[in-house]
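The values are calculated or read from the model by the stated rules, or taken from the named source; none is laboratory data. All figures in this text were calculated on a predicted structure; none of them were measured in a lab. Cβ placement follows ideal geometry from the backbone for every residue including glycine, while neighbour counts extend to all protein chains displayed. These accessible areas exclude ligands, DNA and RNA; they are computed on the full protein's heavy atoms, side chains included. Shrake-Rupley method; radii C 1.70, N 1.55, O 1.52, S 1.80 Å.
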Amino acid sequence: MRKTLLAPGAAVIAALVFVGCGKKEEPAPAPAATPAVNSGPVEGAPRIAIAPDGVHVQYHVYGQGEPTLVFIHGWSCDSNYWREQVPVFKQRYTVVTVDLAGHGGTAGSRTEWTIRNFGQDVVTALSTVPSEQLILVGHSMGGPVAIEAARKLGKRVVGIIGVDTFNSVGAPAPNKAQVDALLRDFEADYIGQTRKFVTEHLFPPNANRELANKVAYDMSLSQPRVAIPSLRAVLEYDFTEPLRDVTAPIVAIDSDLGEPVNEARIRKVLPKFHATIITGVGHFLMMEDPARFNAALETEIQALLHPAGS
């Protein structure tokens, strides 16, 4: 998950850093030309697909061509947090952004808040997208969500790129007592605990404080009935079995905030794993330094499409 932690233990806060996310301003894409009659959906217009449990999943499609990049947000945020990536990558690829259940424009009528169900939200959206080459890009909680989606999508997935995630692969998970203790703090004061956690642990000291405060404020407005069980699902997620079902290459783009990524440990589980580190930023690196992040993402996309020695 991620790197430094609060009490009640390092494993728990590392997990929390990995799930932290924010939200929620609308992106401002370049105006699209007015479509001709019967020309199909307007680029970027909200689309709806219905998950097996009846949740109406909202997603957006931009650009065209293969592969399709699928951007998956993290805990307590939404697809708008990819607003610095969509205008750039839609010029070369099909881009899909998805709002997971209870986030953004997707209904919160679910009762079981599991990573597997979030993965199904991604699969549901992609059931309407004909692309045969999918690259899943998951930020924070979106990393394990991408793993669960890939289990169902099979050979359509040609790669998974985590963004400040996967750092707990191969490490002991926090025990139930640690998770329970941590969640009690959020249950007692969700707004205050969330704002404190985001501002103190997800941004470096020299971060843009306006951005940090905005993220903290937005996260704290998530519905606790969704956010708290979703947080438990992330903290208790075990990569072991799901990774056995995924054959696509898995890599990551991380910040240098907190404890360094233990690539040697991760490679015991994922032998071809590597992490590209962007220095001087925090957990929201795709927003804090989009130019460097976008360049790193393009490099990883090309490496997945044209592996060395192929």
**Fill in**
Largest-first semi-axes in Å of the equivalent ellipsoid built from the Cα gyration tensor of the stretch 147-219 are 29, 20, 13
**Request:** Tell me the label-point distance for the pair Gln64, Ala188, using the 7 Å Cα-to-Cβ offset, in nm and rounded to one decimal.
**Result:** 5.7
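Per residue, how big is the convex hull around the C-alpha atoms of the chain? Give it to me in cubic angstrom, could you?
Once divided by residue count, the hull of the chain is 126 Å³.
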**Cα-only radius of gyration and Dmax that characterise the stretch 52-134, units Å** = 12.6, 38
**Request:** Any chance you could tell me what percent of the C-alpha pair distances in the stretch 231-271 go past 14 Å?
**Result:** 63
**Asked** In vacuo Debye scattering of the stretch 173-215, one point per C-alpha: log10 I(q)/I(0) at q = 0.25, 0.27 Å⁻¹?
**Response** -0.84, -0.89
**Prompt:** Taking the radius of gyration and the Kirkwood hydrodynamic radius from Cα positions alone, what is the Rg/Rh ratio for the stretch 205-310, to two decimal places?
**Reply:** 1.01
**Complete:** Rounded to one decimal in nm, the spacing of the 7 Å Cα→Cβ label points at Glu132 and Thr111 is 4.2
**Item:** Spacing of the two label points (7 Å from each Cα toward its C-beta) at His56 and Leu221, in nm
**Value:** 2.1
**Asked** Want the number for Thr247 to Thr299: 0.36 nm per residue separation, take away the alpha-carbon distance, what's left?
**Response** 16.7 nm
**Complete:** Under a Gaussian network model of the chain whose springs join Cα atoms within less than 10 Å, the largest fluctuation of Glu210, Glu112, Glu300 belongs to Glu210
**Message:** Before I look further, what does the chain give for accessible area per residue, probe 1.4 Å, in whole square angstrom?
**Reply:** 42
**Prompt:** Semi-axes of the stretch 104-143's equivalent ellipsoid from the Cα gyration tensor, sqrt of 5 times each eigenvalue, largest first, rounded to whole Å?
**Reply:** 20, 14, 9
**Request:** Convert 25 °C to kelvin, take the viscosity as 0.890 mPa s, use the Kirkwood radius over C-alpha pairs of the stretch 137-267 as Rh, and evaluate the Stokes-Einstein diffusion coefficient in µm²/s, rounded to a whole number.
**Result:** 151
**Asked** Between Ser222 and residues 5 or more places away or on another chain, which pairs have amide H atoms under 5 Å apart, with H built 1.01 Å from N, and which residues are they?
**Response** none
**Item:** Accessible-area composition of the stretch 155-290, carbon plus sulfur, in percent [1.4 Å probe]
**Value:** 52
